[in-house]
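Chemist: Once you've had a glance at the structure underneath, I'll fire off some questions.
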Amino acid sequence: MPTTRPPEPTREDEGQARRERRKLARPGELLDAALDLFVEKGYAATRVEEVAARAGVSKGTLFLYFPTKEELFKAVVRENISGRFSEWNQEFEAFDGSTAEMVAYCLNVWWERIGATRASGITKLIISEARNFPDIAAFYQQEVIRPGTQLIRRILERGVARGEFRPLDLDYAVYNLVAPMIFLMMMKHSLGVCVPQEYPLDPKRYLAAQLQTILHGLCVQEARP
């Protein structure tokens, strides 16, 4: 018995398929455009019309996906930073090295995944504009700062519990790891223009130096008898 072949797709079918693919890709394109503009211009100066134009769509199309600029910004943060905490916590649970190795891994992977990317500009934006936009500040605190500090605290608690780190004031020890990250992002997006060219900052060397100081301090350890 002869088999029945499915009908060949028509030009109309192909066009519909292309439109569907384009529709599915649109949110990602809008988020990419928004990230670029928020980092380039800041939150207040970025207009949704500019985001839509850079993504190649109308303002009305943008509002179908993100009804306000605030919602667009929140989606950018979730796409690039806060949406990754689940992945990072899973890595914490699976890590089987020493806690000193975990601290090194934490700082270096953070640089590769956030600090060296466009997303690092979000931190500079928040530092510059959060006081003028309290709703944005509250959102960032809830979705980035709280889970970030909680994860770092868990790392330090692990070291203390395993006898690898001395007892620490954990509320403040967290800042020892946060500070190098913020410094590097501010150097990249703001302070770097003030640094003489003969004093370049290599992020990897900087993190290595910070790790040495955090883990071993500056003073020579006296040998015990």
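Chemist: Let a ≥ b ≥ c be the square roots of the eigenvalues of the Cα gyration tensor of the chain; is it rounded (a/c under 1.5), or, if not, prolate (a/b larger than b/c) or oblate?
Modeler: In terms of gyration-tensor shape, prolate.
Chemist: Would you mind working out the accessible area per residue for region 63-159, using a 1.4 Å probe, and quoting it in Å²?
Modeler: On a per-residue basis, region 63-159 sits at 50 Å².
Chemist: Each residue of region 61-70 in turn: what ³J(HN,Hα) in whole Hz from Karplus with 6.51, -1.76, 1.60 and θ = phi - 60°, glycine and Pro shown as x?
Modeler: With coefficients 6.51, -1.76 and 1.60, one gets 5, 4, 5, 5, 9, 9, x, 9, 5, 4 Hz.
Chemist: Once every DSSP H run of n ≥ 4 in the chain is given -39500 (n - 2.57) and the sum is divided by its residues, what mean residue ellipticity at 222 nm do you get, rounded to the nearest 500 deg cm²/dmol?
Modeler: After summing the helix terms and dividing by the residues of the chain, the value is -20500 deg cm²/dmol.
Chemist: Once label points are set 7 Å from the Cα along Cα→Cβ at both Lys59 and Val193, what is their separation, rounded to one decimal in nm?
Modeler: For the pair Lys59/Val193, the computed spacing is 2.9 nm.
Chemist: Please list, in order along region 122-128, the HN-Hα scalar couplings obtained from phi with the Karplus expression 6.51 cos²θ - 1.76 cosθ + 1.60 (θ = phi - 60°), rounded to whole Hz, x for Gly and Pro.
Modeler: Those phi angles translate into 5, 4, 4, 4, 4, 4, 6 Hz.
Chemist: Over the chain, what is the relative contact order in percent, taking alpha-carbon pairs closer than 8 angstrom and at least six residues apart?
Modeler: The normalised contact order for the chain reaches 20 percent.
Chemist: Further question on the same structure: Compute, for region 169-225, the length of the dipole vector about the Cα centre, with Cβ point charges of +1 (Lys, Arg) and -1 (Asp, Glu) only. Units Debye, rounded to 20.
Modeler: Computed about the Cα centre, the dipole is about 180 debye.
Chemist: If you don't mind, another one. If a/c stays under 1.5 just call it rounded; otherwise compare a/b with b/c (prolate if a/b is bigger, oblate if not). Do that for region 123-225, with a ≥ b ≥ c from the square roots of the Cα gyration tensor eigenvalues.
Modeler: Oblate.
Chemist: Could I ask something else about it? Over the heavy atoms of Glu112, what accessible area does a 1.4 Å probe trace out, to the nearest 10 Å²?
Modeler: Estimated to the nearest 10 Å², Glu112 gives 110 Å².
Chemist: Take peptides 93-100, 171-178, 117-124, 79-86 and line them up by average Cβ neighbours within 10 Å, highest first, as a rough protection proxy.
Modeler: Peptide ranking by packing, descending: 117-124, 79-86, 171-178, 93-100.
Chemist: Remind me, relative contact order of region 121-190 in percent, using alpha carbon pairs under 8 angstrom and six or more residues apart?
Modeler: Computed over region 121-190, the figure is 41 percent.
Chemist: If you don't mind, another one. How much of the accessible area of region 58-168, probe 1.4 Å, is carbon plus sulfur, in whole percent?
Modeler: 51 percent
Chemist: Moving on to the next point. Going by the alpha-carbon gyration tensor, a ≥ b ≥ c the square roots of its eigenvalues, is region 29-79 rounded (a/c under 1.5) or, if a/c is not under 1.5, prolate (a/b greater than b/c) versus oblate?
Modeler: Rounded shape, in that the Cα axes give a/c under 1.5.
Chemist: Karplus couplings for region 103-115 from phi (6.51 cos²θ - 1.76 cosθ + 1.60, θ = phi - 60°), rounded to Hz, Gly and Pro as x?
Modeler: 4, 4, 4, 4, 5, 6, 5, 4, 4, 5, 8, 10, x
Chemist: Please work out how many pairs of lysine residues in the chain are eight or more positions apart (or on different chains) and have Cα atoms closer than 17 angstrom.
Modeler: 9
The values are calculated or read from the model by the stated rules, or taken from the named source; none is laboratory data. Bear in mind that the values here come from a model prediction, so they are computed numbers and not experimental data. When we count neighbours, we look across all protein chains shown, and the Cβ atoms used for this are built from the backbone with ideal geometry, even at glycine. These accessible areas exclude ligands, DNA and RNA; they are computed on the full protein's heavy atoms, side chains included. Shrake-Rupley method; radii C 1.70, N 1.55, O 1.52, S 1.80 Å.
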